[in-house]
Amino acid sequence: MEVFKEINPLKSYLKTFRSKGKQIGLVPTMGALHEGHLTLVEKSNQENDLTVCSIYVNPTQFNNKGDLSNYPRELENDLKLLKQNGCDVVFVPSDEVMYPNPVKMKLSFGHLETTMEGAFRPGHFTGVGIIVSKLFNITEPDRAYFGQKDLQQFLVIKQLVSDMAFDVELRCVEIIREDDGLAKSSRNLRLSAEDRKKSIILLQALQRGKSLLLNGGTVETCKLEVSQMMDIPNVSLEYFEVVEANNLTPLTNISDNINVALCVAAFVGEVRLIDNIIFRSKKE
Ligand code: AMP
């Protein structure tokens, strides 16, 4: 496994590889890797000749300085896991390498940027769009792998690829969960033992919401019931949304035969968690 810290040596390594007609898969991450990330690596390995995983805690997508400084950094263990899981190339740039000059450009993604995560994390998706654009330009991947865990991020990147005509196929990989259903996340490490137990409320709420909607409940009663269910000590709901899965348009009823996404964000103790489920509103 090759590890690069600088852009030009990585580019020339990949250029030689590409000139032999081989295909490249990119897995962008912020490190503190777990099975979710490793599943993206595995999918990339299945579809490409070479997998590049980037590990970079991107400051421009953090609107909260505390969140940025608390973000877990475990490079040594990450490299070990990537090697064990057949990753070929790791890109671990510093801030100076990724941002030699402060970024002045802003990206706008319309509704996708103002709803849900965008509403609670102003500027987040501009930061995501810029770093992913840079990684696409540096690695020129044939395919890039993202998790459904960050559904809104995936849709923003889909829009970015379409608007900017990036020549890359996007893949959205299912959510990998702990045994009790909590979506795997680097942030889970920061939960106290008691909060860790409480955190399964996110998936329980999503499942309850789905069951209500599929059994004829209205979106309004579903939202009310979920917010009541999550009204427990040390859990603070930020949003629970019922939206169309491919564009995050809010749904007022789900009588049509469409892909519905239920998306939730909540603080459990000090830790902000997100989760979602996608389902078809009616059997075809
Ligand atoms: P992060 O390091 O949190 O920025 O995540 C890097 C990539 O891994 C993103 O595309 C995430 O959506 C994806 N990811 C994070 N957690 C999971 C998970 N539990 N299952 C599948 N993919 C995930």
Original post:
Taking the Cα-to-Cβ direction at Asp256 and at Val97 and moving 7 Å from each Cα, how far apart do the two end points lie in nm?
Top reply: 4.6 nm
**OP:** Grab the beta carbon distance between Asn8 and Ser236, set R0 = 45 Å, and tell me the FRET efficiency rounded to 0.05.
**Re:** 0.50
Original post:
What stretch of the chain, leaving out the sites themselves, is the longest with no trypsin sites (Lys or Arg not before Pro) in a DSSP loop having at most 15 other Cβ atoms within 10 Å?
Top reply: 107-281
**OP:** Measure nothing fancy, just the Cα-based angle from helix 75-84's long axis to the longest principal axis of the chain, in degrees from 0 to 90, nearest 10.
**Re:** 80 degrees
Original post:
If the limit is 31 Å between Cα atoms, which of Lys22/Lys282; Lys22/Lys210; Lys5/Lys197; Lys15/Lys158; Lys20/Lys149 go over it?
Top reply: Lys22/Lys282; Lys22/Lys210; Lys5/Lys197; Lys20/Lys149
Original post:
Per residue, how much accessible area does region 224-284 have with a 1.4 Å probe, in Å²?
Top reply: 49 Å²
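At a Förster radius of 22 Å, what calculated FRET efficiency corresponds to the Cβ-Cβ distance of Met229 and Arg280, to the nearest 0.05? Intermediate results must be reported in sequence, preceding the final value.
On the way: r = 23 Å, r/R0 = 1.06.
My answer for the efficiency is 0.40.
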**OP:** Using only the Cα atoms of region 210-258, build the gyration tensor, take square roots of its eigenvalues as a ≥ b ≥ c, and label the shape rounded, prolate or oblate: rounded if a/c is under 1.5, else prolate if a/b is larger than b/c, else oblate.
**Re:** oblate
Original post:
Taking the Cα-to-Cβ direction at Ser69 and at Met164 and moving 7 Å from each Cα, how far apart do the two end points lie in nm?
Top reply: 3.0 nm
Subject >> At most 13 other Cβ within 10 Å, DSSP loop - GluC sites (Glu not before Pro), region 153-256 >> reply: Glu174
**OP:** Pull out the extension gain between Arg177 and Glu244, defined as 0.36 nm times the separation in residues minus the alpha carbon to alpha carbon distance; nm, one decimal.
**Re:** 21.8 nm
**OP:** Name all residues of region 19-61 having a backbone nitrogen under 13 Å from the label point set 7 Å from the Cα of Glu140 along its Cα→Cβ direction, giving them as ranges.
**Re:** 19-24
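Which value, in Å², gives the accessible area per residue of region 65-141 when a 1.4 Å probe is used on the protein heavy atoms?
Heavy-atom SASA per residue in region 65-141 reads 52 Å².
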Original post:
How many angstrom lie between the C-alpha centres of region 47-66 and region 200-254?
Top reply: 30 Å
**OP:** Measure nothing but the geometry: give the 0 to 90° angle between the long axis through the Cα atoms of 201-214 and the longest principal axis through the Cα atoms of the chain, rounded to 10°.
**Re:** 60 degrees
Original post:
For a label point 7 angstrom out from the Cα of Glu35 toward its Cβ, which stretches of region 166-185 have the backbone nitrogen within less than 17 Å?
Top reply: 173-185
Original post:
Where a Cα-Cα gap under 17 Å defines reach, which aspartates and glutamates qualify for Lys223, not counting those fewer than 8 residues away within the same chain?
Top reply: Asp231, Glu238, Glu241, Glu244, Asp275
Subject >> Entries in Lys43/Lys184; Lys43/Lys65; Lys80/Lys106 that, when Cα-Cα distance is taken, lie over 27 Å >> reply: Lys43/Lys65; Lys80/Lys106
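The values are calculated or read from the model by the stated rules, or taken from the named source; none is laboratory data. Small disclaimer: the values here were computed from a predicted structure and weren't measured. Every residue, glycine among them, receives a Cβ derived from its backbone with ideal geometry; neighbour counts consider all protein chains shown. The accessibility values were calculated without ligands, DNA or RNA, using every heavy atom of the protein model including side chains. Shrake-Rupley method; radii C 1.70, N 1.55, O 1.52, S 1.80 Å.
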